[in-house]
């Protein structure tokens, strides 16, 4: 399975538009070659470089329908998104995408997509930990896409 984005290239800097320095819009994502037995997908966007034990989770989306292979740019911050699935709480305590806002230095942001053999029995507002616990034993395939970001206000100072 392969995860890509027309918004930025693998390993490159995430454009400010998709961060707290810009519009804080979620980037467009697409994937292909999911296993035929996929029942749903889950997406977790995580910054392991955040100065918080375990890093910082920026986006949790789950119960993405198996026929879906694309997430449009700027997903609304609602618990349920028609055609997309359910959004959980990011580590900022809010529903939906929270763009990069590193306090210092360059951080890495991992977009991890999981193809699952089930729909998750989770209510809306699930956390990264709840989704990670629920997918154990159900992952058919995983794809990863990484971008970096350094806070522009820090660079200007």
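Only the coordinates and a few stated rules stand behind these numbers; no lab work does. What you see is a predicted model; the values in this text were computed from it and never measured. Here the Cβ positions follow ideal geometry from the backbone for every residue, glycine too, while neighbour counts run over all protein chains shown.
Structure above, values below:
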{"item": "Ascending count of other beta-carbon atoms within 10 Å, so fewest first, for 91, 121", "result": "121, 91"}
{"item": "The chain: relative contact order as a whole-number percent, Cα under 8 Å and 6+ apart", "result": "29"}
{"item": "11 Å cut-off, amide nitrogen to a point 7 angstrom out along residue 25 Cα→Cβ, residues in the stretch 73-89", "result": "73-75"}
{"item": "Residue order, fewest to most beta carbons within 10 Å, for 58, 46", "result": "46, 58"}
{"item": "Neighbour-count ranking [beta-carbon atoms within 10 angstrom, fewest first] of 128, 70", "result": "70, 128"}
{"item": "Fully extended contour minus Cα-Cα distance, from residue 2 to residue 68, at 0.36 nm per residue", "result": "22.4 nm"}
{"item": "Pairwise centroid distance, computed over Cα atoms, of the stretch 115-151 with the stretch 41-104, Å", "result": "9"}
